[in-house]
Amino acid sequence: MGHAGQFAEIIVDINARGVDRVFHYAVPEMYQDKITVGSRVLVNFGSRQIAGYVVGFGTPAGEVKVREISGILDAEPVFTMELLEIARWMADSYLCSTAEALGRIISPRLGIKNARVVKLLYPALPDWEMEDALKLMARSPKQAAVLRTAMERPGLSRRELSAAAHADPKTVDVLIDKRLLKAAVKTFSSFQDLSLRGGTRSPALRLNRDQEAAFREVSGALKKRRFSAFLLHGVTGSGKTEVYLQAISAALAAGLQAVALVPEISLTPQMIDLFYGRFGEQVAVLHSGLAGRERYNEWLRVKEGRAPVVLGTRSAVFAPLPNPGLFILDEEHEPSYKQDDHLRYHAREVALKRAQLSGAVVVLGSATPSLESWFRSGRGGPYKLLKLPHRIDEKPLPRVKIVDLRQEIKEGNRSIFSRNLVSAICARLQKGEQTLLFLNRRGYATFVVCRECGHVIKCDRCDISLTYHLDGTLRCHYCNYQTKMPEKCPSCGSRSIRYFGVGTQKVEDEAKILFPQARILRMDSDSTSRRGSHERILSTFRQGQADILIGTQMIAKGLDFPMVTLVGVVNADTSLFMPDFRAAERTFQLLTQVAGRAGRADLPGEVLVQTYCPDHYSITAAARHDCEGFYQVEMPVRSALGYPPYSYLARLLFTHEDEAEISKGAALAKEILDKTLAGHDNFIEVLGPAPAPLSRIKGRYRWQLVIKGPRRNELRDIIRESMETLQKCRPAFRPVINVDINPQGMQ
Ligand SMILES: [Zn+2]
Ligand SMILES: [Zn+2]
């Protein structure tokens, strides 16, 4: 609470670098016992009235004229000291302002646009005292009207009350300030809806020996109350989820709270039911799909300690737990843990930082861990590696067969479907079993491949596939190397070299011709843009009302289809040659995941992977279900080219309507970066400027600079300094500059 003679230290809610510091405001007498660290208040700033966050109390230096806080925005503080610390760390790590980070952290709170909407108003005094107060209001008929209405109809919202009394809402505020009206926050428990769903209890299962060993490590760490991090590497179907659930129970038993994060696509009703079944109304579900009010209520239950178990997607990493003990990230390698616009934070990094600050335990789980996490769980690394190498049911992993598309071309088959895949699908249609056709397409870049020998044209310097542009050039999106589209394959001399890109629509069209009797469904972002259509397509397919489901990444994860016995990967190369240094890793992860979709019930599964590069290690390792084999080849490649996890990468993305302006501006930024770097012996390298793979969106051109260096903080400092110089050099040049430290993709 504020103390007499002290001033509140406030961060104002303006997203500008110059004002990202603490300002002092006097605390008026009537707010003395209401304002605390974490309060959101209203302050005069310049000529405006804006929101501010109270981050401490102190005395301003010098004899500056200090203004007063003019209002309180919420009945309760909206963030804790720990989350304030996180906001400051985010501002520092991701080059944003503290206010912006705080805004992100408390966004479920902000989802309720007007805090008073959820507050219901009641008379603050007994009736006879209210009558006395009314007598004194002869000269304020509006206030009297509001007070009478509140007495007659207690429990209206601010807006309802002012409307019913034909008064201005501000009159209501005056009466609240005079303590004649009091506000009570009404909350709704989402568990109420749950009883309607007839949630079944799911008791703890018996752990097998590997699960038991992993669980014991995690619960042991929980007891010590010291920060520790685990990488739980478990093959598909090895029972990671049961380990998570029992670890959460252990955290609860120790009086702590837990957060379990899942990728957007895995937050299925089955997953939610599983958590409710185990922990009942102790669970709060947090994700961006919830309506504002719903999300706020869940957030409030977490904050007040009524829901000690949080299940959610990326942003749930900011859940306001009073005493966090456990952070779980399932499928920790998923790119969706990275926020993709504005404030580009990574949920894994935030979880690790929160755990460090509060002495909590982090469990990163995956069947195909990211190279970063794998690297950190190596000898002497900060993570401890836990392994679940066996499937629970001891069933073998599905058989994966690689189909060489070069051979198909040689034998005259130019269709998307190899003969192998066609006959495998026909066999399923006859038996009444289902097929998944998967296209791991990123959709934005077209690479060039020789259909005779599988050669793909890459940048010598960056080892990134060159992207085909409509003007007939091939470009590297990291360093902007350009070359003409060759007429012949530089490797084998064949003329069958061309740019490549297949959409789900095209696959569907061809499938309809090849299998006219089959019932075919397609699921991609085009067919699922309407709310709920995603679930509808999946449930239609799960109920056996279709034979073939065609889709992108969306169908690869977290979904169980008992009748699917065949998974066909239409073209593995589309992700293998996207212009990104993580292309091989993503391909390996996607293929392994897709392969896990086949034959999970009583029917044995088969996976066919079509490719022009049947010898590529990410494809052969995925076919063998061999994670470690993949890392053994990929790690030295990353090391040789200086890519993460052996270095840190940042991307500066410039967008502007005028292409000439933006290329000039990006070139200037590069010049400034180089100048800033000169004289420092820090091994930082600046690549580009080059057009981004998606070179134009909604009429705005996009250019990028890629910067890499061995130390993250150095990289960040150089970028910060250079961006400040850039603004000074050309104040008229105002592109949108987006800084992405540790980018997960570079569209
Ligand atoms: Zn060739
Ligand atoms: Zn290059």
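The values are calculated or read from the model by the stated rules, or taken from the named source; none is laboratory data. The shown structure was predicted, so the numbers you read here are calculated from the model rather than taken from an experiment. Note that we place each Cβ from the backbone using ideal geometry, even for glycine, and neighbour counts take in every protein chain shown. SASA here: full protein model, heavy atoms, side chains in, ligands and nucleic acids out. Shrake-Rupley method; radii C 1.70, N 1.55, O 1.52, S 1.80 Å.
Every condition in (1) more than 13 Å from Gln610 (Cβ to Cβ); (2) touching a Lys or Arg at 6+ places or on another chain (Cβ under 9 Å); (3) of a type outside the set (Gly, Ala, Ser) is met by Asn420 except one, and the failing one is (1). Looking across region 509-519 at every residue that is open to solvent by 20 Å² or more (accessible area, probe 1.4 Å) and either within 23 Å of Tyr612 (Cα to Cα) or outside the structural domain of Ile548 (by TED's automatic domain parsing) (or both), the one that is farthest from ligand 2 (Cβ to nearest atom) is identified as Leu514. Among the residues of region 495-518, those identified as free of Cβ contacts under 8 Å to residues at least 24 places away in the same chain and either within 16 Å of ligand 1 (Cβ to nearest atom) or among the β-branched types (Val, Ile, Thr) (or both) are Arg495, Ile513. Within region 628-678, being part of a helix (DSSP H, G or I) and in contact with a strand residue (DSSP E or B) (Cβ under 9 Å, 6 or more places away or on another chain) holds for Glu659, Glu661, Ile662, Ser663, Gly665, Ala666, Ala667, Ala669, Lys670, Leu673, Asp674, Leu677. Looking at region 575-590, can you tell me whether even one residue there is under 25 Å from Arg376 (Cα atoms), assigned to a helix (DSSP H, G or I), at pLDDT below 95 and among the polar types (S, T, N, Q)? Yes, there is a match, as at least one residue in region 575-590 is under 25 Å from Arg376 (Cα atoms), assigned to a helix (DSSP H, G or I), at pLDDT below 95 and among the polar types (S, T, N, Q). Residues of region 322-354 that are crowded, with 20+ Cβ neighbours inside 10 Å, among the aliphatic types (A, V, I, L, M) and not in a strand (DSSP E or B): Ala347, Val350, Ala351, Leu352.
Looking only at residues of region 438-492 that are of a type in the set (Lys, Arg) and at pLDDT 85 or above, we find that the one that is farthest from Thr592 (Cα to Cα) is Lys484.
Please tell me if Cys492 is within 16 Å of ligand 1 (Cβ to nearest atom), outside any strand (DSSP E or B) and outside the structural domain of Val570 (by TED's automatic domain parsing). So Cys492 passes the test.
Filtering region 457-500 to residues that are more than 12 Å from ligand 2 (Cβ to nearest atom) and among the hydrophobic types (A, V, I, L, M, F, W, C) leaves Leu470, Met485, Cys489, Cys492, Ile497, Phe500.
Go through Lys401, Lys410, Lys458 for me and flag whichever is open to solvent by 60 Å² or more (accessible area, probe 1.4 Å), in contact with a strand residue (DSSP E or B) (Cβ under 7 Å, 6 or more places away or on another chain) and within 16 Å of ligand 1 (Cβ to nearest atom). On inspection, the qualifying residue turns out to be Lys458.
Looking across region 667-688, the residues that are surrounded by fewer than 21 Cβ atoms within 10 Å (Cβ to Cβ) and within 19 Å of Cys476 (Cα to Cα) come down to Ala667, Lys670, Glu685. The set of residues in region 249-266 that are outside any helix (DSSP H, G or I) and open to solvent by less than 30 Å² (accessible area, probe 1.4 Å) comprises Leu256, Gln257, Ala258, Val259, Ala260, Leu261, Val262, Pro263.
Applying the condition of being buried (at least 21 other Cβ atoms within 10 Å of the Cβ) and within 10 Å of ligand 1 (Cβ to nearest atom) to region 445-455 and asking which residue is farthest from the chain's Cα centre (by Cα) yields Cys450. Of the residues in region 420-437, none is outside any loop (DSSP other than H, G, I, E, B) and within 16 Å of ligand 1 (Cβ to nearest atom). Counting only residues that are open to solvent by less than 10 Å² (accessible area, probe 1.4 Å) and of a type outside the set (A, V, I, L, M, F, W, C), region 415-433 holds 1 of them. Assuming Asp463 fulfils every condition listed in (1) within 16 Å of Ser575 (Cα to Cα); (2) within 16 Å of ligand 1 (Cβ to nearest atom); (3) open to solvent by 30 Å² or more (accessible area, probe 1.4 Å) apart from one, which condition is it? Here Asp463 meets the rest and fails (2). Of the helices (runs of 4 or more DSSP H) lying entirely inside region 29-143, the ones with 2 or more residues being open to solvent by 40 Å² or more (accessible area, probe 1.4 Å) are found at 81-94, 98-105, 127-135.
Evaluating Gly454 against the criteria (1) touching a helix residue (DSSP H, G or I) at 6+ places or on another chain (Cβ under 9 Å); (2) within 12 Å of ligand 2 (Cβ to nearest atom) leaves one unmet condition, (2).
Close contacts from region 414-426, counting a first residue that is in the same structural domain as Glu508 (by TED's automatic domain parsing) and a second that is open to solvent by 40 Å² or more (accessible area, probe 1.4 Å), with Cβ to Cβ under 6 Å and a gap of 6+ residues or different chains, come to Ile416/Glu510. When residues in region 679-694 are screened for being in a strand (DSSP E or B) and either without any contact (Cβ under 8 Å) to a residue 40 or more places away in the chain or away from ligand 2 (no atom under 16 Å from the Cβ) (or both), 2 of them pass. A single member of Ser639, Ser647 is without any contact (Cβ under 8 Å) to a residue 40 or more places away in the chain and out of contact with any Cys (no Cβ under 9 Å at 6 or more places or on another chain), and it is Ser639.
Taken together, the residues in region 481-508 that are under 17 Å from Asn413 (Cα atoms) and open to solvent by 70 Å² or more (accessible area, probe 1.4 Å) amount to 3.
Find the residue count for region 470-482, including only residues that are away from ligand 1 (no atom under 16 Å from the Cβ) and touching a residue at least 24 places away in the same chain (Cβ under 8 Å).
6
Checking the stated criteria, Lys664 turns out to be more than 25 Å from the chain's Cα centre (by Cα), open to solvent by 60 Å² or more (accessible area, probe 1.4 Å) and not aliphatic (A, V, I, L, M). Scanning region 469-494 for residues that are of a type in the set (Ser, Thr, Tyr) and under 14 Å from His455 (Cβ atoms) yields Ser491, Ser494.
Residues in region 279-307 that are open to solvent by less than 30 Å² (accessible area, probe 1.4 Å) and of a type in the set (Lys, Arg): Arg301 only.
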